[in-house]
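Take a look at the structure set out below.
The values are calculated or read from the model by the stated rules, or taken from the named source; none is laboratory data. Everything numeric here is computed off the predicted structure, so don't read it as measured data. Here Cβ is always computed from backbone atoms with ideal geometry, including for glycine, and neighbour counts include all displayed protein chains.
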Amino acid sequence: MFDILVKGGTLPDGRVADIGIEKDRIKAIGQLDAEAGEVIDAAGDLVAPPFVDPHFHLDATLSYGQPRINASGTLLEGIGLWSELKEVMTEEQMVERALTYCDWAASMGLLAIRSHVDTCDDTLKGARAMLKVREQVKDYIDLQLVAFPQDGLYRDPTARENTLRALDMGVDVVGGIPHFERTMADGAASVRELCEIAATRGLRVDMHCDETDDPMSRHIETLAYETQRLGLQGRVNGSHLTSMHSMDNYYVSKLLPLIAEAGVSAVPNPLINIMIQGRHDTFPKRRGMTRVKEMQAHGITVGWGQDCVLDPWYPLGTADMLDVAFMGLHIAQMSSPEEMARCFRMVTEDNAQIMGLENYGLHEGADASLVVLDAATPTEALRLRAARICVIAKGRVIARTPRMDAQLSLPGRSASTRRRHRT
Ligand SMILES: [Zn+2]
């Protein structure tokens, strides 16, 4: 007797299987004939582990247009705009916006999020707000928080002290922004000190790193070096790494093996990178996407992150990690069947690995969290940005969405279409 039985779904690896759920765990996977409190018929549908977003800003989300929009579309104007906004935004407003976003995420089967939280604020209201949100959503979203000195660990006079205070309050991960420090030397020093703080406290590291078109922005090299020096392998992530797009090829041929040896993962954010980078170029205009396939070929774990939804840096966004993977697939030209399937894994399993999620996945003993999609395969899910027919979080059905069928009135043609296609 299961609490929930998901019948006949197609798993991302192509197997057709039933999934039996007991309390908050997957109890069994296979051909199951037991009774269940609730049966979900997934015949013909893809059943996947939940979507994971390893890079987001929950303290800034849903604030687009306040107090004004980002006219230049650049990273730097966005940071300036956020500085104005965080002065006036209250803790309650941050909580309310973040919870609204978490509703959206839950509806899209996005059940694990790593969010940076700005620690350059003497009141630390963002950290307090996000800790409240983490507690409030814990039954359906695993929320990891990164202490993020947005205005620079050394560039902002109280950032260092406030970042340490945020970690003392229970923020999970150490962040940084070396390319925003005043000099390359300060950037490198900030990477070193932040990694030492993480090593001392037994924490993970996730830095905004080299989010610039400057080919000489090479802080990822320091991040990988410090990871090795301090024995942090497998616990450190470099976010964005856009400068790698513009770096000299010989230099990159030496850099990628170092990142691989150090066990540092990478999270490009395709929606934001394509929107923000290349703004100083005329034509040809750079894409602002790091070297995704090249890193994967070296065995480096690469995920796709969303970064922003309706905030000072990005005027769109839907909490749909399939949108993110769809954009990444295009910019990184990951068009072979294997590469498209890999893009789906990047927003599920690879992102889960980057966040160090325990009990993630579709296997016996894992968290009973999964998504039933209106698609037959991972690649079809990407093509359709498929509806989440049913979302289960830790043993509870938390969201349902109708299929995307359109009713047609065409002479001699079928009365409806679902746009699914058997290849
Ligand atoms: Zn970010």
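Name the single residue, out of those in the stretch 328-340 being of a type in the set (A, V, I, L, M, F, W, C) and free of Cβ contacts under 8 Å to residues at least 60 places away in the same chain, that is farthest from ALA266 (Cα to Cα). Quick ask: steps written out before the conclusion?
Narrowing the stretch 328-340 to residues of a type in the set (A, V, I, L, M, F, W, C): 329, 331-332, 334, 340.
Remaining after also requiring free of Cβ contacts under 8 Å to residues at least 60 places away in the same chain: 329, 334, 340.
Details: LEU329: 16, MET334: 16, MET340: 18 Å.
Among those that are of a type in the set (A, V, I, L, M, F, W, C) and free of Cβ contacts under 8 Å to residues at least 60 places away in the same chain, it is MET340.
Does GLY299 satisfy being among the small types (Gly, Ala, Ser), within 16 Å of the ligand (Cβ to nearest atom) and either closer than 25 Å to GLU358 by Cβ or outside any helix (DSSP H, G or I) (or both)? Let's see the steps before the verdict.
Values: among the small types (Gly, Ala, Ser): yes; within 16 Å of the ligand (Cβ to nearest atom): no; either closer than 25 Å to GLU358 by Cβ or outside any helix (DSSP H, G or I) (or both): yes.
Here the answer is no, as GLY299 does not meet what is asked.
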Exclusive hit being within 21 Å of the chain's Cα centre (by Cα), within 16 Å of the ligand (Cβ to nearest atom), assigned by TED's automatic domain parsing to the domain that holds THR74 and at pLDDT 95 or above, set SER217, SER239: SER239
message: Taking the conditions exactly as written (away from the ligand (no atom under 11 Å from the Cβ), on the phi > 0 side of the Ramachandran plot, under 13 Å from the mean Cα position of the chain (by Cα) and in contact (Cβ under 8 Å) with a residue 24 or more places away in the chain), does ALA266 satisfy them or not?
response: no
- prompt: Looking only at the stretch 128-144, which residues are under 19 Å from the mean Cα position of the chain (by Cα) and either within 14 Å of the ligand (Cβ to nearest atom) or more than 19 Å from ILE398 (Cβ to Cβ) (or both)?
  reply: MET130, LEU131, GLN144
query: Given the conditions (1) of a type in the set (A, V, I, L, M); (2) more than 16 Å from the ligand (Cβ to nearest atom); (3) surrounded by fewer than 19 Cβ atoms within 10 Å (Cβ to Cβ), which single one is not true for LEU316?
result: (2)
field: Residues of the stretch 46-103 classified as under 30 Å from ASP13 (Cβ atoms) and either among the hydrophobic types (A, V, I, L, M, F, W, C) or touching a Ser or Thr at 6+ places or on another chain (Cβ under 7 Å) (or both), total
entry: 10
- request: Six or more apart or on different chains, Cβ under 8 Å: which pairs go from a residue in the stretch 246-259 that's closer than 17 Å to ARG286 by Cβ to one that's in a helix (DSSP H, G or I)? Could you list them?
  value: MET247/LEU255; VAL252/MET244; VAL252/GLU294
message: Pull out all pairs, ordered by first then second residue, where Cβ-Cβ is under 6 Å, the residues are six or more apart or on different chains, the first lies in the stretch 358-380 and is more than 14 Å from LEU5 (Cα to Cα) and not assigned by TED's automatic domain parsing to the domain that holds GLY20, and the second is assigned to a loop (DSSP other than H, G, I, E, B) and β-branched (Val, Ile, Thr).
response: none
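Being buried (at least 23 other Cβ atoms within 10 Å of the Cβ) and among the hydroxyl-bearing types (Ser, Thr, Tyr), is that true of even one residue in the stretch 298-312? Working first, answer last.
At the first step, the residues of the stretch 298-312 found to be buried (at least 23 other Cβ atoms within 10 Å of the Cβ) are 302-309, 311-312.
Still in the list and also among the hydroxyl-bearing types (Ser, Thr, Tyr): none.
No, the conditions are met nowhere in the stretch 298-312.
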- prompt: Could you count how many residues in the stretch 49-101 are within 16 Å of the ligand (Cβ to nearest atom) and part of a loop (DSSP other than H, G, I, E, B)?
  reply: 11
- request: Determine which member of the set GLU77, GLU91, GLU96 is more than 30 Å from GLU358 (Cα to Cα), at pLDDT 95 or above and not aliphatic (A, V, I, L, M).
  value: GLU91
